[in-house]
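Peer 1: What follows is a single structure, and I will ask about it in a moment.
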Amino acid sequence: MANSTTSSTSPAPKSRRRRPAGEVVLGVDTHRDAHVASVLSLTGAVLATDEFPATAAGYRDLLKWARKSGAVRRVGVEGTGSYGASLTEPPRVR
């Protein structure tokens, strides 16, 4: 029986940040207190899904999060009543 010099434990996988996938599509399902967002490739593959508070800060975080996956050029917003109204308004100049 031969002696092995390799370790029995595997090295921990390195955490790698995914490179942006080019252009992506953002889809948002709006609710009163929180919005659920998904980023999709142009071929429809779901790249990421997360939930954000329905607040101005939550909207900023949602867009920042989506842009990590690629260039957001198209957005679909499913809204019930007026829950998505603030999300779809253009930014106000102060």
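Derivation of every value follows stated rules applied to the coordinates shown; laboratory data play no part. What you are looking at is a predicted structure, and each value in this text was computed from that prediction instead of being measured. All Cβ positions, even for glycine, are placed from backbone atoms using ideal geometry, and neighbour counts span all protein chains on display.
Peer 1: What are the extents of the Cα atoms of the stretch 43-94 along their three principal axes, listed from largest to smallest and rounded to whole Å?
Peer 2: Answer, in whole Å and largest first: 34, 27, 19 Å.
Peer 1: Going by average Cβ neighbours within 10 Å, how do the peptides 25-37, 64-76 rank, with the highest at the top?
Peer 2: Ranked from most to least packed, the peptides come out as 25-37, 64-76.
Peer 1: Hey, with R₀ at 22 Å, roughly what FRET efficiency would residue 32 and residue 65 work out to, going by the Cβ-Cβ distance, to 0.05?
Peer 2: 0.60
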